[in-house]
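Q: Structure incoming, see below.
No value in this document is a laboratory result; all are computed from the given coordinates. Just so you know, these numbers come straight off a predicted model, no measurement behind them. Backbone-built Cβ (ideal geometry, glycine too); neighbour counts: all protein chains shown.
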Amino acid sequence: MNKNELIADVADRAGISKADAGKAVDGFIASVEAALKGGDDVRIVGFGTFSVSHRAATTGRNPRTGESIAIPASKQPKFKAGSPLKAAVNG
């Protein structure tokens with residue numbers, strides 16, 4: 001499912017227009033991005049948790065030349081599914 005299909009499905013399930021559903025989906029995404037950027041987690045009971053994982057700097061190797069390269073530290077967004085979501089997918 002891509003974003004347009006998600007918006008259409010949300011509009012259908014909520015009984016609202018696609019324009020309003022698009023604003024809702026965009027608002028949700030913006031809220032999650034802002035919270036993660038601010039260092040907060042987003043916990044949605046029954047769905048899951050969005051969080052930020054910190055990766056330490058490491059040394060890698062270029063597979064073509066064998067040369068060592070420095071991989072800088074970074075922050076990565078993560079999502080951990082909640083138990084009800086896992087049960088819905090597996091059941």
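Q: Please enumerate the residues belonging to the stretch 68-79 that are touching a residue at least 24 places away in the same chain (Cβ under 8 Å) and surrounded by 10 or more Cβ atoms within 10 Å (Cβ to Cβ).
A: Restricting attention to the stretch 68-79, the residues satisfying the condition of being touching a residue at least 24 places away in the same chain (Cβ under 8 Å) are 76-79.
Correct list: 77, 78, 79.
Q: Sticking with this structure for a sec: Return yes when residue 15 is surrounded by 13 or more Cβ atoms within 10 Å (Cβ to Cβ) and not aliphatic (A, V, I, L, M) and no when it is not.
A: Values: surrounded by 13 or more Cβ atoms within 10 Å (Cβ to Cβ): no; not aliphatic (A, V, I, L, M): yes.
It is false that residue 15 is surrounded by 13 or more Cβ atoms within 10 Å (Cβ to Cβ) and not aliphatic (A, V, I, L, M).
Q: Restricting to the stretch 58-67, count the residues that are loosely packed, with under 10 Cβ neighbours inside 10 Å and in contact with a strand residue (DSSP E or B) (Cβ under 8 Å, 6 or more places away or on another chain). Spell out the reasoning first.
A: Going through the stretch 58-67, the residues loosely packed, with under 10 Cβ neighbours inside 10 Å turn out to be 59, 62-67.
From what's left, in contact with a strand residue (DSSP E or B) (Cβ under 8 Å, 6 or more places away or on another chain): 59, 62, 67.
Total meeting the criteria: 3.
Q: Contact list please: Cβ distance under 9 Å, first residue in the stretch 24-50 and under 14 Å from residue 79 (Cβ atoms), second residue of a type in the set (Val, Ile, Thr) and part of a helix (DSSP H, G or I), pairs at least six apart or on different chains.
A: 42/32; 50/32
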